[in-house]
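Q: Right, I'll just put the structure down here and ask away after.
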Amino acid sequence: MRKFYFVISVFFALFSFLSCAPQNEPTDPDNDDYNDTWSDSGNEVLDPPVASFSVSKQQPLTIVLTNKSRNAVSYKWNFGDGNTSTEKNPVHKYDSKGVYRVKLYAYNSDYKYDMYELNVTVENPSKIYFAGITYEKLSVNNKYVHFELIDDDVFTTTWCTSAAKLLSTANLPYDFILQNPVLMDGLEDDEWYAIQLYSSDTPDDEGTKLAGFRFDTDELLDGYPEGFTWNENEGCKISCYFTYE
């Protein structure tokens, strides 16, 4: 009889232990390779997570996500284009315009999650601005340098002419960023534009051409980059910047 009670006691002790043991980690709702660190909350009863976020737009095709979730310790974003993130407040750029379903899964440390989703519309920009350049390397030293942004197809439009700046190799790189970026009206596909550099001994002289850097409007319209860098053209190197609306 004692042996019977001993077996029963061991059985209930083992059952109680297994009942209190941590459960397996939850599977990701999107069923991909999401891995995160989970902690066991023991016997503590945690408040359930509440997922929430807001969306703002920074640049064309780019969204800024502000996480407003409560009672959560980790997060999983699905941007609706096949990309994901575990950052708390990610910034995401899409490859093309469209309507995307953005989902946020907010998890607490007790393996519970809540999901919040929104449709987000991203558009191509309607305006492109030239914002300035950085002189990284010049083939002259202690000269006044300025640049012009021109229409390189018919040479009839000068989009921007900068002020002359006395530059030397000692103060490069030098940023020439426009306080008021120049709107580039009437851009069409497959048109060429150029930035031409000039140097002179005085700030008022038109100067001698140092180099010319050409770009195609398709380079701007394909992904809307913030800038380009041209290497070693006539011994000069510059970076050119654009902004979009």
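Q: Could you grab the pairs with beta carbons closer than 7 Å, sequence gap of 6+ or different chains, first residue in region 115-126 and more than 15 Å from residue 54 (Cα to Cα), second one open to solvent by less than 60 Å² (accessible area, probe 1.4 Å) and not in a loop (DSSP other than H, G, I, E, B)?
A: 125/244
Q: Go through region 76-92 residue by residue and tally those that are farther than 14 Å from residue 63 by Cα and polar (S, T, N, Q).
A: 1
Q: Taking the options 116, 111, name whichever one is part of a strand (DSSP E or B), more than 30 Å from residue 221 (Cα to Cα) and not acidic (Asp, Glu).
A: 116
Q: Going by the conditions given, is residue 192 aromatic (Phe, Trp, Tyr) and surrounded by fewer than 16 Cβ atoms within 10 Å (Cβ to Cβ)?
A: So residue 192 fits the description; yes.
Q: Would a scan of region 3-19 turn up a residue that is modelled with pLDDT under 95, open to solvent by 80 Å² or more (accessible area, probe 1.4 Å), among the hydroxyl-bearing types (Ser, Thr, Tyr) and outside any loop (DSSP other than H, G, I, E, B)?
A: Checked region 3-19: at least one residue is modelled with pLDDT under 95, open to solvent by 80 Å² or more (accessible area, probe 1.4 Å), among the hydroxyl-bearing types (Ser, Thr, Tyr) and outside any loop (DSSP other than H, G, I, E, B).
Q: Residue 243: among the hydroxyl-bearing types (Ser, Thr, Tyr) and part of a strand (DSSP E or B), yes or no?
A: Yes; evaluated as a whole, the condition is true for this residue.
Q: Of all residues in region 76-97, which are of a type in the set (Ser, Thr, Tyr) and in a loop (DSSP other than H, G, I, E, B)? Write out each step before concluding.
A: Step one: list which residues in region 76-97 are of a type in the set (Ser, Thr, Tyr), which gives 84-86, 94, 96.
Result: 86, 94, 96.
Q: Here is a list: 239, 162, 168. Which entry is over 25 Å from the mean Cα position of the chain (by Cα) and crowded, with 16+ Cβ neighbours inside 10 Å?
A: None of the other options fit; the residue is 162.
Q: Output the residue which, of all residues in region 86-126 that are of a type outside the set (Val, Ile, Thr), touching a strand residue (DSSP E or B) at 6+ places or on another chain (Cβ under 6 Å) and under 30 Å from residue 181 (Cβ atoms), is most open to solvent (accessible area, probe 1.4 Å).
A: 97
Q: Further question on the same structure: Please go through region 132-145 and pick out each residue that is surrounded by fewer than 20 Cβ atoms within 10 Å (Cβ to Cβ) and either in contact with a strand residue (DSSP E or B) (Cβ under 6 Å, 6 or more places away or on another chain) or part of a strand (DSSP E or B) (or both).
A: 134, 136, 137, 139, 140, 144 - these are the residues of region 132-145 that are surrounded by fewer than 20 Cβ atoms within 10 Å (Cβ to Cβ) and either in contact with a strand residue (DSSP E or B) (Cβ under 6 Å, 6 or more places away or on another chain) or part of a strand (DSSP E or B) (or both).
Q: Hey, among the residues in region 171-186 that are assigned to a loop (DSSP other than H, G, I, E, B) and open to solvent by 40 Å² or more (accessible area, probe 1.4 Å), which one's farthest from residue 125 (Cα to Cα)?
A: 173
Q: For region 214-236, how many residues are under 26 Å from the mean Cα position of the chain (by Cα) and open to solvent by less than 70 Å² (accessible area, probe 1.4 Å)?
A: Adding up the residues that qualify gives 12.
Q: Can you tell me how many residues in region 51-65 are out of contact with any Ser or Thr (no Cβ under 6 Å at 6 or more places or on another chain), open to solvent by 30 Å² or more (accessible area, probe 1.4 Å) and part of a strand (DSSP E or B)?
A: 3
Q: Hey, among the residues in region 219-234 that are assigned to a loop (DSSP other than H, G, I, E, B) and modelled with pLDDT under 90, which one's nearest to residue 131 (Cα to Cα)?
A: 226
Q: Test residue 52 against the stated conditions and say whether it is over 25 Å from residue 127 (Cα atoms) and in contact with a strand residue (DSSP E or B) (Cβ under 7 Å, 6 or more places away or on another chain). Walk me through how you get there before you give the answer.
A: Working: over 25 Å from residue 127 (Cα atoms): yes; in contact with a strand residue (DSSP E or B) (Cβ under 7 Å, 6 or more places away or on another chain): yes.
Yes: the conditions hold for residue 52.
The values are calculated or read from the model by the stated rules, or taken from the named source; none is laboratory data. Everything numeric here is computed off the predicted structure, so don't read it as measured data. In this analysis, Cβ positions are derived from the backbone assuming ideal geometry, glycine residues included, and neighbour counts consider all displayed protein chains. Surface accessibility is based on the protein's heavy atoms, side chains included, excluding ligands, DNA and RNA. Shrake-Rupley method; radii C 1.70, N 1.55, O 1.52, S 1.80 Å.
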